[in-house]
Amino acid sequence: MMLQSGRLVAFPTETVYGLGANAKDGDAVAAIYAAKTRPSFNPLIVHVASLAQAEALARFDDNARALAQAFWPGPMSLVLPLKPDHGLSSLVTAGLETVAIRMPAQPLARKLLTLADCPVAAPSANPSGQISPTTAAHVLDGLSGRIDAVLDGGPCDVGVESTIISTNPLRLLRHGGLPAEALEAALGCSLMQDLNPDIPAAPGQLTSHYAPDAQVVLNQLEGDLMLGFGDVGGQLNLSPSGDLHEAAANLFAMLRQMDKLAKGANGAGQFTVAPIPMTGLGLAINDRLTRAAAPRSG
Ligand code: TXA
Ligand code: MG
């Protein structure tokens, strides 16, 4: 099994493709950071096949257990206090006292995690700061030659990364594939958010991220080169019927396509994006678009 012998294996999840390594193998985890050129202060999500595997790593309080029961397997990551004898490489957590854990639902991911029989650290399988991959071809575009294998499970169903929530204290850290409304309904209370990208509680929430080469201008009703939504047309349209699930599933692939069109059309490279409603998955979509449009830090 490649993961057990310290190799890097990219694999599909329902959100985006991950770049996996054995989370207990420090050298393998270091190789993830190197392949992505990811800053080492930005911790990784640990993927598990079962609740028992998660409970060997971290402490679950009542809220954590309720959320796991309601939404695992699925597009949600829980940030939980580490147990003393977790055995994870300290690189995975970037030295924090907490760990982000996720149980994906995608069938190939579940098969891989069950066979690997170890917790698998996996960030999105793209070079740091670039657009997340939702197909195996996207993974190879960015990381070919730097990883050992990629499992091809076709395009990802959800298309944006997992929602991240900490339970101690109870905070939403990243909008994602599980809408905040669903979390709040399960918890029976409204969620405080801790999404400030300048003082990140999820350290990966750097302002510029998911960045195409082209300049991106949001919330426009027209433009020469335009990514549309609903009635607001465009060369490409995230969802002509205005369906936010369809839009999320199309988001990263269409950002890549728009980037190519922009390079061909206006050299300098710029495209506009139609307004996306701020409800349900629209919050995650707008979050990713805002980062794609943010000034680059370099
Ligand atoms: O859908 C997903 O979550 C995908 C798939 C592959 O599972 N993974 C993913 O990983 O998006 P990545 O590395 O691109 O994003 C992980 C995020 C980062 O923002 C990181 O800062 C945050 O999780 N994170 C990890 N551990 C954390 C912790 N202990 N406390 C707070 N945030 C944490
Ligand atoms: Mg990422």
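The values are calculated or read from the model by the stated rules, or taken from the named source; none is laboratory data. Everything numeric in this text was worked out from a predicted model, so none of it was measured. Every residue, glycine among them, receives a Cβ derived from its backbone with ideal geometry; neighbour counts consider all protein chains shown. These area figures cover heavy atoms from the full protein model, side chains too; ligands, DNA and RNA do not enter into them. Shrake-Rupley method; radii C 1.70, N 1.55, O 1.52, S 1.80 Å.
Quick look at the values:
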{"quantity": "Any hit, the stretch 179-195, residues being open to solvent by less than 20 Å² (accessible area, probe 1.4 Å), touching a residue at least 60 places away in the same chain (Cβ under 8 Å), under 24 Å from residue 21 (Cβ atoms) and in contact with a helix residue (DSSP H, G or I) (Cβ under 8 Å, 6 or more places away or on another chain)", "calculated": "no"}
{"quantity": "Test: residue 41 is aromatic (Phe, Trp, Tyr) and over 21 Å from residue 124 (Cβ atoms)", "calculated": "no"}
{"quantity": "Total residues in the stretch 17-41, condition open to solvent by 10 Å² or more (accessible area, probe 1.4 Å) and assigned to a loop (DSSP other than H, G, I, E, B)", "calculated": "7"}
{"quantity": "Test for residue 44: is it open to solvent by 20 Å² or more (accessible area, probe 1.4 Å), in the same structural domain as residue 178 (by TED's automatic domain parsing), within 27 Å of residue 186 (Cα to Cα) and near ligand 1 (Cβ under 10 Å from one of its atoms)", "calculated": "no"}
{"quantity": "Single residue of the stretch 169-178 satisfying the filter (among the hydrophobic types (A, V, I, L, M, F, W, C) and touching a residue at least 24 places away in the same chain (Cβ under 8 Å)) that is nearest to ligand 1 (Cβ to nearest atom)", "calculated": "173"}
{"quantity": "Residue selected from the stretch 104-122 under the condition under 20 Å from residue 87 (Cβ atoms) and near ligand 1 (Cβ under 10 Å from one of its atoms), by the criterion nearest to the chain's Cα centre (by Cα)", "calculated": "122"}
{"quantity": "Of all residues making up the stretch 140-168, the number that are within 12 Å of ligand 1 (Cβ to nearest atom) and farther than 17 Å from residue 106 by Cα", "calculated": "5"}
{"quantity": "Given (1) modelled with pLDDT of 95 or more; (2) on the phi < 0 side of the Ramachandran plot; (3) more than 18 Å from the chain's Cα centre (by Cα), index of the condition residue 145 fails", "calculated": "(2)"}
{"quantity": "Which numbered condition residue 284 misses (of (1) touching a His at 6+ places or on another chain (Cβ under 7 Å); (2) open to solvent by 20 Å² or more (accessible area, probe 1.4 Å))", "calculated": "(2)"}
{"quantity": "Members of the stretch 272-288 that are touching a strand residue (DSSP E or B) at 6+ places or on another chain (Cβ under 6 Å) and either part of a loop (DSSP other than H, G, I, E, B) or under 25 Å from residue 137 (Cβ atoms) (or both)", "calculated": "273, 274, 276"}
{"quantity": "Residues being of a type in the set (Gly, Ala, Ser) and farther than 16 Å from residue 290 by Cβ - total across the stretch 242-261", "calculated": "3"}
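The rows are residues; the columns are (1) open to solvent by 60 Å² or more (accessible area, probe 1.4 Å); (2) assigned to a strand (DSSP E or B); (3) in contact with a strand residue (DSSP E or B) (Cβ under 9 Å, 6 or more places away or on another chain).
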| residue | (1), (2), (3) |
| --- | --- |
| 54 | no, no, yes |
| 64 | no, no, yes |
| 69 | yes, no, no |
| 78 | no, yes, yes |
| 81 | no, yes, yes |
| 84 | yes, no, no |
| 88 | no, no, yes |
| 91 | no, no, yes |
